[in-house]
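Data first, discussion second: the structure below is written as structure tokens.
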Amino acid sequence: MSGAAALARKNPEELLSRISGIARLEAVAEGEFTRWAEPEQIGAGDCPDRFDVCDLRIWLRIADLAGVDAIPAVTVASLEEDELEALLGSVEIPAPVRRSVMGGMIRLASEEPDTPRPVATDADAEVIRFLSGFDRSRDGDEAGQRAWSKIDGALDDLPASWMVRTHVSGSSNLKALVGTGLMKSADDTARVRPDFELGGGWVRAGNRRIIDFSDPRFIQLAIGGHKPGAHYLARPWEPAGRFHRGEDLHRANSPLAGPGEWPAEWRVFVKSGEVTGVANYYGWTGEGPSPENAWNAIRSAALAQRMADQVSTMGLAGSFMDQVFIRSGSHTDTVGLLDREWPEDRIHATLDFYEGEDGLKFLEAGPAHMPGGGGHPCAFAGQGCGHGAGFARCEGIAYRNMPHVHLGEPATWIDGDPEGAIEDWSAAARRAAEFADPDEDMIAFLERRGVDMSAAPSP
């Protein structure tokens, strides 16, 4: 407020311009929200023509309609905006506790499997204060009472191995621990002390688990670019069927430096309703082009195409608010490029597939990789880019990052020699045939891209 007052004294015209700009963006957002379908409307006769491209509930509905296997999710709680604000004002996990959690996980990663789990002691005072208020009486305001009634006991009947996320994102802890190769099963939780631990999107204090509604990533994505409020989904932990190994340069000069392993996961890129490419999600890992990698990558792309076709058949388009705001401004080169290459009435997205113990399954989805922001290009980083290009082409199959690309240093995201990292559909199809025969979906997908499959075995 003091900053606004100072600006009002020095430059009232600029202050009015900023206020007007904020009001305009709010109006744009409200207008966009009215066009978004809710999960139960997908496939119904009165379905609006747009949906939040990040909403997992809707993508799971689309996967079901398209006949694509997916890791299921159950909505365990839904909080309105005022209820979430009331919760965040009453209980928040202290920062020292969160710091000690990551420290405990780093120590755990270096221990032998059968050794006792380490217990952090540097934040005991904060933990005790947190625990003393965790089971406080629910005598707050009306919004707070409603919120507590929704989350209290929401996880009591779920297996301890299940994770929790919102409808638009996973938790910060889950992203960090899986991304650093520390979390390979549901048992890899972060225990700060015997009566306090963090898991995938949940907190246990004593013998009770609650949703980790104060997770920073949950909060950040709940308040920006999506309808107000948050829906919490519980999902079973899907054991990985295969791991990719490598050394993550993000972890260099840290306690986690050195080789690690990550679940085999593939990101598929959809542009104007068509799959253009598929990439190893953890681009620093893997042995590069191999028959098994090629087969799973093409299979992921074929499944994603089925889902994209389902969206197109229903006349839907995914919406990402960052792009909506860009398009709502004055005409720029970026807006012109978006209108030509990523028209508003088509589906553009990234769809992630996970190699589970019993095959590929749809995991989650989000915005396309395009100018102005969106999905991460993963192993495609640099493809087709000059210095400062801002976005990659994402075409073909990217098994791993090109050798000169460091994902933590965007200045290295420029085009180079794709040998041993990226190949086209025809080369990948020949390679995949060395692993297993293509199925019907894969054959149809490859033929749609001009690959001659006449010699392929009948499925």
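Residue-wise HN-Hα couplings along the range 393-408, as the Karplus relation 6.51 cos²θ - 1.76 cosθ + 1.60 with θ = phi - 60° gives them from phi, are 6, 6, 10, x, 10, 9, 7, 6, 5, 4, x, 7, 8, 10, 4, x Hz; Gly and Pro carry x. Distance distribution note for the range 353-459: the fraction of Cα pairs above 21 angstrom is 48%. Exposure check, 1.4 Å probe, all protein chains in place: L158 carries approximately 40 Å² of accessible surface.
For A77, nonlocal amide neighbours, meaning residues 5 or more places apart or on other chains whose placed amide H falls under 5 Å from its own, are Y232.
Kindly list the residues of the range 53-84 that lie in the label zone of C47, defined by a backbone N under 20 Å from the point 7 Å along the Cα-to-C-beta vector. 53-75, by backbone N distance to the label point. Nonpolar atom fraction for the range 302-459, defined as the carbon and sulfur part of the 1.4 Å probe accessible area, stands at 48 percent.
3J(HN,Hα) along the range 51-65: 8, 5, 5, 9, 7, 4, 4, 6, 5, 5, 5, 5, 4, 5, 5 Hz, from the Karplus curve 6.51 cos²θ - 1.76 cosθ + 1.60 with θ = phi - 60°, whole Hz, x for Gly and Pro. Report the calculated FRET efficiency for D339 and S312 (r = Cβ-Cβ distance, R0 = 22 Å), to the nearest 0.05. Working from the Cβ atoms, E equals 0.75. Residues whose amide H lies under 5 Å from that of F243, counting only those 5 or more places away or on a different chain, are A264; hydrogens are built 1.01 Å from N in the peptide plane.
Compute the accessible area per residue over the range 330-425, keeping the other protein chains in place, probe 1.4 Å, unit Å².
Values: 4160 Å² over 96 residues.
Per residue, the range 330-425 has 43 Å² of solvent-accessible surface.
Close amide H pairs (under 5 Å, H built 1.01 Å from N) link A368 with A349, T350, G375, residues at least 5 positions away or on another chain. Here the Karplus relation 6.51 cos²θ - 1.76 cosθ + 1.60, evaluated at θ = phi - 60°, turns the backbone of the range 414-419 into coupling constants of 10, 5, x, 6, x, 3 Hz, with x for every Gly and Pro.
Computed from the mean reciprocal separation of all distinct C-alpha pairs, what Kirkwood hydrodynamic radius does the range 334-385 have, in Å?
Hydrodynamic radius (Kirkwood, Cα only) of the range 334-385 equals 12.9 Å.
The values are calculated or read from the model by the stated rules, or taken from the named source; none is laboratory data. As the structure is a prediction and not an experimental result, all values here were calculated from the model. A quick note on method: Cβ atoms are made from the backbone with ideal geometry, for glycine too, and the neighbour counts reach across all protein chains shown. Side chains included, ligands, DNA and RNA excluded: accessible areas come from the protein's heavy atoms. Shrake-Rupley method; radii C 1.70, N 1.55, O 1.52, S 1.80 Å.
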